[in-house]
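Report on one structure; see the data block that follows.
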Amino acid sequence: MQHDNPMPPRRRLSDILNGGTDSLRTQWNSTTAADDFKPLPTGLYVARVVSGELFTSRTNHTPGYKLTFRVLEGEHAGRQFWHDCWLSPAALPMSRRDLGKLGVTSVDQLETPLPTGIRCTVKLALRRDDDGTEYNRVRSFDVTGIDEAERDPFAPTDDPIAPSAAATGTPEGGEYAPF
């Protein structure tokens with residue numbers, strides 16, 4: 001009895017490189033592997049908020065809202081770091097302060113995307129756990145503006161004169177006012 005092989009054949013480099021493996025082989029052999037990312041140095045960074053997502057901590061299952069920032073300028077441009085806004089009773093005053101800077105003024109807004117293009121100046125610190133693990137911590141941030149390049153110029157509008165909610169980065173009704 002013959003069994004059909006359920007696994008598709010394994011792809012070869014020549015399949016994905018249109019037969020030209022020599023160029024990749026040369027580049028591979030002359031390229032040094034990148035270092036692992038280390039935490040960013042302490043300092044002031046110009047960064048953009050690229051997302052905000054609800055989450056729960058792994059250990060205590062504490063609810064939170066995680067902000068992702070991307071560095072825009074300097075030698076660390078393109079690197080990302082995170083800021084956790086905890087939604088526990090003890091941390092809620094600080095989280096409301098930080099999220100309020102981004103225009104989040106109600107619980108319902110935690111379930112909607114943040115406006116795009118929010119530019120901030122962020123004071124970042126370097127911390128060390130008891131086991132020596134280093135990590136970044138956002139000490140503070142201030143919103144300095146919204147970058148036009150991040151807005152979608154092709155987003156539809158109901159009013160041909162007024163910019164759309166997507167183009168302005170605000171949900172319908174203009175609930176966000178990040179500065």
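Just a few scattered comments:
- Test item: Cα-centred dipole of segment 1-129, Lys/Arg +1 and Asp/Glu -1 on Cβ, debye: 300 debye
- Sorting Tyr65, Tyr45, Tyr135 from the fewest to the most surrounding beta carbons within 10 angstrom yields Tyr135, Tyr65, Tyr45.
- Cβ-based exposure ranking for Asp142, Asp131, in which fewest neighbours within 10 Å come first: Asp131, Asp142
- Each Lys and Arg adds +1 at its Cβ and each Asp and Glu adds -1 at its Cβ; summed about the Cα centre, segment 63-107 shows a dipole of about 140 debye.
- Karplus-derived 3J(HN,Hα), 6.51/-1.76/1.60, for each residue of segment 26-35, Hz, glycine and proline x: 5, 4, 4, 6, 9, 9, 8, 5, 6, 6
- Straight-distance candidates among the lysines for linking to Lys101, with alpha-carbon spacing under 16 Å and chain neighbours fewer than 8 residues away dropped: Lys66, Lys123.
- Taking other C-beta atoms within 10 Å as the exposure proxy, Ile146, Ile118, Ile16 rank Ile16, Ile146, Ile118 from fewest upward.
- Remark: segment 89-94, residue by residue, has Karplus-estimated 3J(HN,Hα) of x, 5, 9, 4, x, 5 Hz, where x stands for each Gly or Pro and the curve is 6.51 cos²θ - 1.76 cosθ + 1.60 at θ = phi - 60°.
Where a number appears in this text, it was derived from the coordinates with a stated rule and is not lab data. Everything numeric here is computed off the predicted structure, so don't read it as measured data. For neighbour counting, all protein chains shown are included, and Cβ atoms are generated from backbone atoms with ideal geometry for every residue, glycine included.
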